[in-house]
Amino acid sequence: MKHRLIYKFTVAICMLIASPGSHALAQQAKNLPLPEAIKMSLANSGQIKIANFKVDEANATYHEAKDNYLPDLKVTGSYLRLNSPNIDLKVKLGSSSSGGSKPGAVDQAVYGMLNLSLPVFSGFRIKYGVESAKYMAQAAKLDVENDREDVINSTIQAYSNLFKAKNSVDMVGENLAREEQRVKDFTNLTKNGLMSRNDLLKAELQKSNIELALLDAKNNLKMATVNMNLLLGLPENSELIPDTSILLNTGDPGPVVQWEQTALTNRKDAAALAIREKASESAIKATKGQYYPGLAVTGGLIAADVPNLLTINNAMNIGLGLQYNIASIWKTPAKLEQATARMHQLQATQNILNDGIRLQVTKAYEDYLLSAKKIEVYARAIEQANENYRITKNKHTNSLATTTELLEADVAQLQAMLNFSFSKVDAAVAYFKLQQTAGILEKK
């Protein structure tokens, strides 16, 4: 019975504190308040950096769409080598007596053109293209805010794991000191013939098991510290001391319906998806614009030189250009169907997301209520475990309880203390998770 309790105790410590990584800790400790940890993790997060780069990309796409309002200016030029062409000028050259001359051999030509085109009407393609790109840039910014909440929640989770690991090391270390003292007391009693050798061996075995539990707790502390350092961008061997005062502050959650409404109003992923729907609607309008012709103001400058034949310079032109792709009549419907299908997909995704938000909020709400109730239960368990240990110790002193019963009461007391300490942190983490699902974690 005793061995099963000790085994469960050791396994419980390993399961309660779990984080990836393993490296040696430095000797110099760093006090780490939770707000500072969140600030550092946001600054170091690769996820946030990628999201910001996506915002830059979306802004560049928006600027590119706006550039379509600007004129196109093209310069072309060529130098050509010719054979011996047959040239028939419609404007006859004068005779030699009147100062005219006949053209000589023509074997090369040079020409250059400068063309400018300013769109006046493009079937609203430019207008709605700019509008769609603007919405996509806004959605990208909301994605950053949503990612920030994810990073904050991950930091809080890692912070709580660090607290659990450190608290476990402290409590198990204190318990080990008590076990060492018990072994000394039992050793003296055995030497004086007041206790059997078997009872001393049981105490020594208990001490060995607590030593193993302490080794596991210290290893978990190392792993939790490395994980926290990686999130914060600190050297892996930095020793951290968490400030648990903020973690233990929670509040009355209120009705779950209020949290659902808050989530539907404040969730950045839902807002980003709604804006992408608007961008999709603008994309549909831009696609419909392909049914219309394009009208632009055009102008240009032409220069040419054909030796022995003609020279042209300062040939400027200006006018209106009309362009219409007749093929758009039968090609645009398919593009329009694609754009409409994308919009319908976003609308269906929005409905799914709204249902998922309600489910996430409800689960987070119930998890918090459960965590809060566990605090009350574990608080009573501590009182019961302390009283049980006191009574069992008195009985053992008066030879009314066995050593096995005393050691079991000792393990139960330590487990109750750990459970109570961890339950308060779990409740705080559950409350932060509830705030995240409601989209208000960073505000709080």
- Query: Of the residues GLU204, GLU145, GLU239, which exhibits the maximal mean-square fluctuation in a Gaussian network model of the chain defined by a 10 Å Cα contact cut-off?
  - Reply: GLU204
- Item | Simple label model, 7 Å out from Cα along Cβ direction - GLN157 to GLN47, nm | 0.8
- Note on the structure: Mean-square fluctuation maximum in Gaussian network of the chain, Cα pairs under 10 Å, restricted to GLN413, GLN138, GLN345, hits GLN345
- Task: May I ask you to sort LEU336, LEU200, LEU221 by Cβ crowding, counting other Cβ atoms within 10 Å and putting the fewest first?
- Result: LEU336, LEU200, LEU221
- Message: Once you keep just the Cα pairs under 8 angstrom separated by 6 or more residues, what percentage relative contact order results for segment 279-321?
- Response: 36
- Query: Which of ILE87, ILE326, ILE156 moves the most in a Gaussian network model of the chain with Cα springs under 10 Å?
  - Reply: ILE87
- Taking the Cα atoms only, what angle lies between the long axis of helix 256-266 and the longest principal axis of the chain, rounded to 10 degrees? 30
- Message: Using a Cα-Cα cut-off of under 17 Å, which lysines could be cross-linked to LYS202, ignoring same-chain neighbours fewer than 8 residues away?
- Response: LYS2, LYS184, LYS191, LYS393
- Listed residue pairs exceeding 23 Å between alpha carbons, taken from LYS288/LYS331; LYS54/LYS285; LYS39/LYS443; LYS166/LYS443; LYS363/LYS424: LYS54/LYS285; LYS166/LYS443
- Sum of side-chain charges, ALA379 neighbourhood, beta-carbon under 11 Å (Lys, Arg +1; Asp, Glu -1): +2
- Message: As I understand it, the value is the acute angle between the Cα axis of helix 125-191 and the longest principal axis of the Cα atoms of the chain; what does it come to in degrees, rounded to 10?
- Response: 20
- Query: Once the Cα gyration tensor of segment 314-414 is found, what semi-axes does its equivalent ellipsoid get, as square roots of 5 times the eigenvalues, in whole Å, sorted largest first?
  - Reply: 82, 17, 12
- Query: So what's the net charge close to TYR69: Lys and Arg +1, Asp and Glu -1, counting the other residues with Cβ under 13 Å from its Cβ?
  - Reply: -1
- Note on the structure: Percent antiparallel among DSSP beta bridges confined to the chain, nearest 5, equals 90
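Rule-based calculations on the coordinates, nothing more; no lab input. Given the structure is predicted, the values throughout are model-derived calculations rather than measurements. A quick note on method: Cβ atoms are made from the backbone with ideal geometry, for glycine too, and the neighbour counts reach across all protein chains shown.
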